[in-house]
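The next block holds one structure in the form of structure tokens; read it before the comments.
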Amino acid sequence: MSSADNRRIVREGRRNGGGKEKGFFQKVHSPPSPLNDSLEGEIQAFLIDEDQLHTYDDLTKVNPVTPSTVLKCLQARYSVKVFYTHAGCTLVALNPFQPIPDLYTLDVMKEYHGAPQPQEFKPHIFIVAEEAYRNVQGQLEPVNQSLVVSGESGAGKTWTSRCLMKYYATVAASSSVVKSQDTVERIERRVLDSNPIMEAFGNACTLRNNNSSRFGKYIQLQLDRCQLLVGASVQTYLLEKSRVACQLANERNFHIFYQMMKMATDEQRKEWKMPPGQCFVWLPNSEKTVEEDCFHETVEAMVHLGINTERQRQIFRILAGILQLGNVNFYSSTDESQPCNLDEQSKDFSQRAAELLCVPAEELQMCLRVRMLKAGKQSVLKPCSQAECSMRRDCLAKVIYAQLFDWLVTFINNSICADKSTWCNFIGVLDVYGFECFQINNLEQLCINYANEKLQQHFVSHYLRAQQEEYVSEGLEWSFVKYQDNQSCLDLLEGSPVSVFSLLNEESRLNRVSDAKTLRVRLEKELCDNANISWDKFSKEPHFTVAHYAGKVHYQIQGMVEKNKDPVPPELSSLLQKSDNPLLHQIFTDKETENPTTKGLSKVTVVSKFKNSLESLMKILHTTTPHYTRCIKPNPDCKPLTFKKEEVIMQLEACGIVETIHISAAGFPIRIPFQSFMQRYGLIAKHPMFKSGSVDAQAGGSDVLRRAVEKLLSVVLQHKAFDPSHNLDGQKPNSWVHCGRTKVFLTQLMLDLLEDQRKKI
Ligand code: ATP
Ligand code: MG
């Protein structure tokens with residue numbers, strides 16, 4: 001039996017009715033479908049055969065669908081190394097935390113791609129990929145697709161996104177090549193090479209994931225008329241730039257710094273002023289070995305994308321300059337009217353930083369320690385406190401790194417984006433940070449969790465709500481499955497006229513020292529009507545608690561307004577514009593021209609920028625057909641093949657999987673308009689069981705059509721003699737099929753039956 005045959009189990013298993021029929025697929029059959037057993041049309045709770053649990057390919061087939069049965073099923077599958085399971089329209093992907101040989105090979109890709117019905121194969125991320133690929137061509141007109149990959153940190157989102165990209169780079173490979181300066185590369189190669197670069201600069205080792213993405217990413221793979229990959233574009237969201245200058249205990253800075261440290265040649269070390277053994281404050285835990293510390297791969301990818309040697313040199317000098325800055329310390333001067341002092345070591349480090357950033361050393365030291373205040377037309381110099389000096393140093397590092405990251409993304413886009421005239425459709429892959437809830441949560445978590453609320457709403461509106469509404473509009477009886485509508489939480493966060501974001505922005509725009517207590521009082525006073533926000537009266541620190549769809553999160557208010565302002569002192573921007581490093585000079589001059597009125601001090605708050613970019617993303621998502629993959633992290637320690645029930649159930653509930661399964665299981669997943677139905681199955685009416693002309697397959701008018709469909713269905717269902725392998729005794733048509741106002745709603749079993757009959761005619 002070929003591996004393709006091994007995968008082709010879903011439909012056959014159902015037909016076998018649990019393996020009654022001996023045949024080709026008998027070894028890998030599904031258990032009897034619960035629907036098949038409930039001949040009275042009622043879905044009855046039946047005892048799950050625990051030994052067979054691992055064979056359920058779709059969680060909607062587990063009956064009864066409860067968090068506990070779903071969990072058991074996933075656990076059983078995990079224990080036999082089956083990592084993908086359907087949950088209605090969603091694919092659940094359990095992280096194996098170990099390489100699984102033969103699961104993602106070229107041959108496997110080809111099998112899924114070449115299969116007439118890939119969905120008949122074992123659940124796999126390639127089914128989702130292939131479905132989206134085929135959907136692009138649409139039935140009437142091409143439809144753009146989005147693959148939304150979600151899950152908590154370490155669940156496998158980035159891994160999955162890479163897999164999807166590799167799939168398209170393989171099955172949709174075009175022969176087009178792209179030229180730039182020194183290189184000529186195939187486009188697929190370039191698209192894939194954007195990953196190592198973005199991961200080197202945007203990922204870091206955290207407590208929860210050794211390769212944690214510290215930014216969100218939406219990549220659109222551009223396809224031409226022949227469905228070939230001709231380019232791509234990347235949009236990134238909210239890089240966690242604070243990590244450059246501050247890392248939590250046992251966490252690390254972005255990978256690229258360690259790659260440089262570990263892999264540099266002697267010559268590079270000299271150039272970057274990084275003698276062996278030199279410690280850098282901003283490079284904690286460098287002894288830790290992380291798979292991603294692969295400098296050669298990053299450099300190679302840069303070359304493929306067309307970043308020439310000179311540009312690379314400029315980039316690495318900037319990064320080395322940042323590292324030197326981290327070792328600069330300030331000491332309060334005894335005379336308050338004098339700037340803070342630097343010890344000898346700090347002077348050396350600041351000198352080296354200045355050389356690497358190609359800015360005047362004196363001026364760098366001044367900018368970090370002295371603020372310029374404008375009083376009318378006059379400027380007054382005011383020394384900064386020790387804490388302010390450190391803040392300015394950190395701010396300088398963060399702004400340089402963030403701008404460099406943005407420049408890289410723009411460069412990558414210029415290198416891989418196809419000309420608009422050459423592509424007509426896209427498949428978007430969204431890999432964004434999952435819901436976050438730490439002991440201390442601040443503005444970053446607020447933004448991240450807000451993004452997750454938006455995506456959850458998209459999921460709810462697109463799938464759950466749409467499905468239920470369609471049932472109602474088609475006149476089907478439907479006991480509404482309760483699901484959590486998160487609109488009130490979104491109103492709380494972003495609504496108008498008053499919301500958490502509007503109040504935060506108002507406080508941030510006021511030209512005064514931010515005060516956490518003021519914001520706390522305003523939030524309580526102006527948002528007390530919203531049940532999603534609360535306060536712990538006994539807490540000493542000003543905070544607020546938001547009831548997110550995935551759980552309650554306490555946000556610390558201290559520092560939130562300042563983070564939202566994200567100010568860059570104008571002296572620092574002007575200093576960087578003077579840099580002799582052409583790249584640094586360019587990125588800061590461009591920034592200034594973009595926003596000339598603000599003199600480098602952007603008045604756009606972090607929250608409004610993030611909200612705008614997310615709204616554009618949502619607009620794009622709404623125009624596409626979405627496909628959801630929910631990655632699940634089976635244990636918090638990233639251990640291979642370890643399944644912790646409590647961890648998994650929390651994630652299943654947080655992403656609404658249990659509700660989805662409920663809806664899919666209770667419903668009719670297949671809908672066919674009457675006309676199309678009669679076109680496909682009308683010929684069954686030619687069978688002698690219909691006697692003469694009792695069904696007019698070509699009948700016009702919706703009532704006539706409906707009656708014709710009903711007639712056909714009832715005859716098919718009643719004629720058990722028609723096919724003895726389908727035991728339909730006493731079957732009520734309602735349990736397998738239902739006629740709505742304009743279309744037929746079917747279970748998979750009914751569809752199988754009809755297809756069988758059709759083949760026999
Ligand atoms: P974050 O939100 O922190 O970025 P993430 O969801 O993107 O997390 P990944 O980085 O994709 O998580 O996955 C974490 C690790 O899990 C990977 O580095 C890899 O070691 C392992 N992993 C994930 N998926 C698979 C898979 N399908 N097969 C083998 N290992 C996997
Ligand atoms: Mg990731």
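The values are calculated or read from the model by the stated rules, or taken from the named source; none is laboratory data. As the structure is a computational prediction, the values presented were derived from the model and not from experiment. Note: ideal-geometry Cβ built from the backbone for every residue, glycine included; neighbour counts use all protein chains shown. Heads up: the accessible areas ignore ligands, DNA and RNA and are worked out on the full protein's heavy atoms, side chains in. Shrake-Rupley method; radii C 1.70, N 1.55, O 1.52, S 1.80 Å.
Please work out how much length the chain gains when fully extended from THR642 to THR265, using 0.36 nm per residue of separation minus the C-alpha to C-alpha distance, in nm with one decimal. Intermediate results must be reported in sequence, preceding the final value.
Values: separation 377, 0.36 × 377 = 135.72 nm, distance 4.02 nm.
The span from THR642 to THR265 would gain 131.7 nm if fully extended.
Suppose accessible area is computed on protein heavy atoms with a 1.4 Å probe; arrange GLU199, GLU50 from highest to lowest. Let's see the in-between values first.
On the way: GLU199 20, GLU50 110 Å².
Ranking GLU199, GLU50 by accessible area, largest first, yields GLU50, GLU199.
LYS241 accessible area, nearest 10 Å², 1.4 Å probe?
Near enough 50 Å² of accessible area.
Multiplying the sequence separation of GLU291 and VAL143 by 0.36 nm and subtracting their Cα-Cα distance, what value in nm do you get?
Working: separation 148, 0.36 × 148 = 53.28 nm, distance 3.82 nm.
This chain segment gains 49.5 nm when fully extended.
Positive end of the charge dipole of the stretch 99-252 (Lys, Arg +1 and Asp, Glu -1 on Cβ, about the Cα centre): tell me which of LEU223, LEU106, GLN235 has its Cα farthest that way.
GLN235
Starting with the highest mean, order 642-650, 255-263 by the number of other Cβ atoms within 10 Å, averaged over the residues of each peptide.
Working: 642-650: 15.7, 255-263: 21.2.
Ranking the peptides 642-650, 255-263 by packing returns 255-263, 642-650.
For a test of the definition: using alpha carbon positions, the gyration tensor, and the 1.5 limit on a/c, classify the stretch 289-332 as rounded, prolate or oblate.
Details: a/c = 5.81, a/b = 1.79, b/c = 3.24.
Cα axes put the stretch 289-332 in the oblate bin.
Using the alpha-carbon centroid of each, what span in Å lies between the stretch 398-462 and the stretch 63-129?
Value for the Cα centre distance between the two parts: 26 Å.
Going down the table (LYS110/LYS454; LYS217/LYS563; LYS525/LYS552; LYS166/LYS241; LYS179/LYS241; LYS81/LYS122), which pairs top 24 Å between alpha carbons?
Details: LYS110/LYS454 35 Å; LYS217/LYS563 22 Å; LYS525/LYS552 20 Å; LYS166/LYS241 28 Å; LYS179/LYS241 32 Å; LYS81/LYS122 13 Å.
As for pairs spanning more than 24 Å Cα to Cα, those are LYS110/LYS454; LYS166/LYS241; LYS179/LYS241.
What does a probe at CYS246 reach in the stretch 432-471, counting residues whose amide N is under 16 Å from the point 7 Å along Cα→Cβ?
In the stretch 432-471, the label zone of CYS246 (backbone N under 16 Å from the point 7 Å along Cα→Cβ) covers 438-447.
Using only Cα positions of the stretch 424-529, each an equal point scatterer, no hydration layer, compute I(q)/I(0) via Debye at q = 0.20, 0.22, 0.25 Å⁻¹ and quote the log10 values to two decimals.
Summing over Cα pairs of the stretch 424-529 leads to -1.13, -1.23, -1.36.
Please give every one of the lysines within straight-line cross-link reach of LYS686, meaning a C-alpha to C-alpha distance under 19 Å, and leave out same-chain neighbours fewer than 8 residues apart.
LYS711, LYS720, LYS759, LYS760
Please give the peptides 549-557, 210-218, 521-529 ranked by average Cβ packing (other Cβ atoms within 10 Å per residue), highest first, as a rough proxy for protection. Could you put the intermediate results ahead of the total?
On the way: 549-557: 18.4, 210-218: 20.8, 521-529: 14.2.
Per-residue Cβ counts within 10 Å, averaged per peptide and sorted highest first, yield 210-218, 549-557, 521-529.
Over what distance in Å are the Cα centres of the stretch 739-760 and the stretch 371-390 separated?
Answer, in whole Å: 76.
Cross-link list LYS398/LYS611; LYS377/LYS578; LYS398/LYS565; LYS420/LYS611; LYS157/LYS639; LYS273/LYS347: which exceed 19 angstrom alpha carbon to alpha carbon?
LYS398/LYS611; LYS377/LYS578; LYS420/LYS611
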